[in-house]
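Comments concern the structure below.
The values are calculated or read from the model by the stated rules, or taken from the named source; none is laboratory data. Everything numeric in this text was worked out from a predicted model, so none of it was measured. Cβ placement follows ideal geometry from the backbone for every residue including glycine, while neighbour counts extend to all protein chains displayed.
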Amino acid sequence: MPKIAAFPKGFIKQLVSGQMSIYEWVDLATALEIDGLEFYNDFADVQDPSNWPKVRKAVEERGMVIPMMCASPDFTIPDREGRNREIE
């Protein structure tokens with residue numbers, strides 16, 4: 001049977017700005033009874049690598065996994081330096 005994961009598209013602005021914590025999203029997603037949660041590299045709570053083990057633990061304690069980390073660099077920036085920053 002296929003496994004299902006969810007990406008919080010409806011909460012992305014709040015998760016990036018820090019208005020919503022990743023832990024709030026994890027708690028909300030628990031009600032969905034899905035297998036995993038997809039994350040985005042710009043979520044405020046994953047900016048600091050020291051948070052990664054805590055976030056992973058929170059997800060796994062609820063019986064889910066993090067099968068994918070989405071990244072969305074913008075290579076349409078006209079300025080060469082700006083495009084180079086997107087690679088970093």
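Worth pointing out:
- Within the range 31-69, the set of residues being closer than 13 Å to L15 by Cα and either surrounded by fewer than 11 Cβ atoms within 10 Å (Cβ to Cβ) or out of contact with any Gly (no Cβ under 7 Å at 6 or more places or on another chain) (or both) comprises E38, F39, Y40, N41, D42, F43, D45, V46, Q47.
- Scan the range 35-88 for residues that are over 20 Å from G18 (Cα atoms) and modelled with pLDDT of 95 or more and the total you get is 8.
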